[in-house]
Structures are given as C-alpha cells and as structure tokens.
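Engineer: Here you go, one structure.
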Amino acid sequence: MKLQVKNLANEAVGEIELDDAVFAVPVREDLIFRAVNWQLAKRRAGTHKTKGISEIRGTTKKPYKQKGTGRARQGSLRSPQFRGGARIFGPVVRSHEHDMPKKVRKLALKTALSAKAAAGQLVVIDDAVAKDHKTKALASNLKAMGLESLLVIGGQTLDQNFVRAARNIPLVDVLPSQGANVYDIIRRNVLVLTKSAVSDLEARLK
C-alpha cells in the first residue's frame, strides 16, 4: 500500500510503501473490543468496597427473643435488612486485570492500524518536530491540514518542543512508537504516523 508523505506545512514530500502485513490485515472488531476491554481493565483501581456483617460496628445481642413476639426471627441488628446493616455480596477490593495472549494483542494492534488505513484516516508525515514550544503555530498547521481529533505517533524519542506545543491542543495526543496501543488509536478520528514510527511499528508487528 502506497501513501503520500506530508510535512507539517501540508506539503507533499514523497511517498511511502506500507507493509500489507501490518496495515492491510482484515479488520476484526471483536479483537479491537477485547484489546480495549483488556487495557481499561488494567487501569481500574479496584478499590471499591462495602462492609460485610463482620465489619459492621454494632451490638452482637439478639434484638428480641426467638418466639412469642409474632414477628420474624432475627439474630442481629447488623443484618442487611436493618438500616445501617451489612450489604450482601457487595464489591470487595480486587484486581480487574485479566490475561490476553501476546499474539492476540499483536493482531489487535495490527487490526486497529489497518482499520484506520482502510477508512482513509491514516496520515504519514516526514517528522514531528517543532521549531519552538508555542501552541499557536502547531495548532494552525494542524488546522490547515484539516486535522482536529488525532493521535500522533513519533519515533522512539519525541521532540520535546512538539510535545509541549501539542499538550494544550484539545483532542490531540502524542505517543512514542513503543507506546502505540489500540485504545488510543481508536479514540481519535485520525492517526498520524511519522516515517520513523512506520518503520518501528513494522519491525515490531511483522
């Protein structure tokens, strides 16, 4: 697959050949869903907690005698049917993390890249370098290119001026090539790759 390479001034500066094994695999929504679910599950703190009956502060005395009152038998005021009592089967502190095979993760990332390429939402630029850290200049460049919601993936090291300039622009994310992931790719409308990012991703995913 051939794609035009542009610079930040929206000028064509050449072409690049994208590897079909990475950027033209069949799009599988089930794999993208699994990868996003796996990523978001890892982020969850899992600190939700409710008190069981053994953790409720209160008396252990039987509320009233077993028989003769005409009411239902009760053994504790800390039971869930009483106000201030325990919660049955409530959430406990736990990890939501689950396993996902490396091969499936790899295929999911290739699927996300291919989905952007198939939808015409993949842009390749020569380099993500800014002269200074001013946001205004970069924002005007992106607007001239017709880009609003985008993820920029650079090489293994990022230009700090570019990172600082992009930091204050809404709906713009910047990642190094080793940080490329399914969730960040699909949450933005357009994926912007540098030439070094393309080579890094192809070497990583082949």
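The values are calculated or read from the model by the stated rules, or taken from the named source; none is laboratory data. Only a predicted model underlies this, so the values are computations on that prediction, with no experimental measurement involved. Heads up, the Cβs are rebuilt from the backbone with ideal geometry, glycines too, and the neighbour counts pull from every protein chain shown.
Engineer: Which of the numbered conditions does Gln160 fail, given that it passes all the others? Conditions: (1) over 18 Å from Gln121 (Cβ atoms); (2) in contact with a helix residue (DSSP H, G or I) (Cβ under 8 Å, 6 or more places away or on another chain).
Structural biologist: (2) is the only condition that Gln160 fails.
Engineer: So, one more: Would you point out which residue out of Arg73, Arg83 is outside the structural domain of Arg167 (by TED's automatic domain parsing), charged (D, E, K, R), surrounded by 11 or more Cβ atoms within 10 Å (Cβ to Cβ) and part of a loop (DSSP other than H, G, I, E, B)?
Structural biologist: Criteria check complete, one pass: Arg73.
Engineer: Among the helices (runs of 4 or more DSSP H) lying completely within the stretch 105-206, list those that include at least 3 residues that are under 16 Å from the mean Cα position of the chain (by Cα) and over 21 Å from Lys6 (Cα atoms). Let's see the steps before the verdict.
Structural biologist: Values: elements: 135-144, 160-167, 182-186, 195-205.
Because the criterion is at least 3 residues that are under 16 Å from the mean Cα position of the chain (by Cα) and over 21 Å from Lys6 (Cα atoms), the helices (runs of 4 or more DSSP H) in the stretch 105-206 that meet it are 182-186.
Engineer: Can you tell me which residue in the stretch 35-70 is farthest from Ile88 (Cα to Cα), limited to those that are polar (S, T, N, Q) and either more than 40 Å from the chain's Cα centre (by Cα) or in a loop (DSSP other than H, G, I, E, B) (or both)?
Structural biologist: The qualifying residue farthest from Ile88 (Cα to Cα) is Thr69.
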